[in-house]
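> Mind looking over this structure? Questions follow.
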Amino acid sequence: MNIAIVCYPTIGGSGLIATELGIGLAELGHNVHFISYSTPFKLSSYRENISFHSVDPINYPLFNQSLYTFALTAKIIEVVNDYEIDVVHAHYSIPHSLCAHLAREISDKCFKIVTTLHGTDVTIVGQDKPLYPINKYGIEKSDHVTTVSQFQKDYTLQEFNIDKTVHVIYNFIDTEVFKPSETHCRRSSLAADDEKIVMHVSNFRDVKNPIGALKSFAEASKQVKARLVLVGDGPELLKIKIHCRELDICDKVKYMGKVDNVESILPLADCVLQPSHRESFGMVLLESMACEVPTISSNVDGIPEVIVHGETGYMEEPDDHEAMAAHIVTVLTDPELNARLGQNGRQRAIDVFHKDIIIPQYLRCYQSACDSQL
Ligand code: GMT
């Protein structure tokens, strides 16, 4: 098949899944055309069957807004005209799916549109009243709609009052990349030998509740010698530094900044702490499971579909810091439990979320869209 993938290129769940999906499809022999404003971070080197088409910005002096959506629409039209595209797979309803619809309307090509809803586009952006009808249109007019958890499906159908089949296709992982050992990064660069490592990985937006992570860690670190390793960057980071001072834990926190190859440091964690307020899926949890690292997380949205409480990690209300801290202490002080949770997590990642199980589900979805009438 000739497949165009429209996605955000940045580090983040949706960009990552879109890129890994494209790589997986290309390895199966399909021609994959990525369309975005810059090269997705995993695609910096040449790969067979993959091309990247950069959206050219419209910098016309008359317009004081950058017209990204029109530039993207123009690029989709160019790619479908040049490459006989069967399916445009849009990751996010706004703006990607909408641009694909506009491109189909304008071009005379009969490609199909598959839209994947990743969460933020529906639970957060979707709540924006002026954008609501646009979001709904993008979803309803797609040939197939997929989303990453049953929670997200139910939420979408209810919030948008949509009478349409939405397919749940879970996010996936390459367990040969995310695995427990052979990390290039030495543990001693993160923490002292007698300190346990609690890791939080996010884009430090409010929704990830990084302050909640600090508070739970602060509570736990009264009982066990540990270091909080913060991986990523984002708008809440400044507040975090202030909170560290208030909680008197500055000397127990290490900031890593953005790390592209998170698989090189995740296996060094003794547990991962993700108390998000919203999470349609939670890629970091799956990545941790694959690395045999137990997870302490919130129990919101799609997380209970990823984590098995008591078997691969523990879930609590996002701001129940005492309960989270108690779990952190337990997994850091009981090595046998820690190993068992880790091994169960990896097994679940292999059995349920392995890329070889999930990528064919997308292919079937494309095939079914192509088999259906326009
Ligand atoms: O959560 C973010 O900040 C990033 C966002 C994205 O668009 O990449 O993540 C969403 O999609 C991921 C991939 O499907 C999911 O794993 C995340 O749970 C989801 N985020 C939210 O629902 C808040």
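Any read-out appearing in this document is the output of simple, stated calculations on the displayed coordinates, not a laboratory observation. Just so it is clear, the structure is predicted and the values come from calculations on it, not from any experiment. A quick note on method: Cβ atoms are made from the backbone with ideal geometry, for glycine too, and the neighbour counts reach across all protein chains shown.
> Could you tell me which of rounded, prolate or oblate describes the stretch 187-352, using a ≥ b ≥ c as the square roots of the eigenvalues of the alpha-carbon gyration tensor, with rounded for a/c under 1.5 and, failing that, prolate when a/b is larger than b/c and oblate otherwise?
On the way: a/c = 1.37, a/b = 1.22, b/c = 1.12.
Judged from the Cα gyration tensor, the stretch 187-352 comes out rounded (a/c under 1.5).
> Multiply the residue separation of S372 and T69 by 0.36 nm, subtract the distance between their alpha-carbon atoms, and state the gained length in nm to one decimal.
106.3 nm
> Another question, if that's okay. On a C-alpha basis, how far is the centre of the stretch 287-303 from the centre of the stretch 1-67 in Å? Whole number, if you could?
Using only Cα atoms, the two centres lie 28 Å from each other.
> Once label points are set 7 Å from the Cα along Cα→Cβ at both E159 and A339, what is their separation, rounded to one decimal in nm?
The modelled label-to-label distance comes out at 4.3 nm.
> Determine the shape class of the chain: with a ≥ b ≥ c the square roots of the Cα gyration tensor eigenvalues, call it rounded for a/c under 1.5, and otherwise prolate if a/b is greater than b/c, oblate otherwise.
Prolate, because a/c is 1.5 or more and a/b exceeds b/c.
> If packing is taken as the average count of other Cβ atoms within 10 Å, what order do 271-278, 287-294 fall into, highest mean first?
With the highest mean Cβ count within 10 Å placed first, the list reads 287-294, 271-278.
> Further, regarding this structure: Taking 22 Å as the cut-off for C-alpha to C-alpha distance, list the pairs among K196/K239; K258/K355; K179/K355; K129/K241 that go past it.
K196/K239; K258/K355; K129/K241
> Using mean Cβ contacts within 10 Å as the protection proxy, how do 249-260, 105-116 order, highest first?
105-116, 249-260
> Taking the Cα centre of the chain as origin, work out the dipole magnitude from +1 charges on Lys and Arg Cβ and -1 charges on Asp and Glu Cβ, in debye rounded to 20.
Values: 33 positive and 49 negative charges, 115 e Å.
Roughly 560 debye, rounded to the nearest 20.
> Could you tell me the distance between the Cα centroids of the stretch 308-374 and the stretch 221-255, to the nearest Å?
25
> If you stretched the chain out fully between S181 and D319, how much longer would it get, using 0.36 nm times the residue separation minus the C-alpha to C-alpha distance?
Net length gain for the segment: 46.4 nm.
> Please list 155-163, 79-87, 16-24 highest first by mean number of surrounding beta-carbon atoms within 10 Å per residue.
Details: 155-163: 15.0, 79-87: 18.3, 16-24: 22.9.
Those peptides, ordered most packed to least, come out 16-24, 79-87, 155-163.
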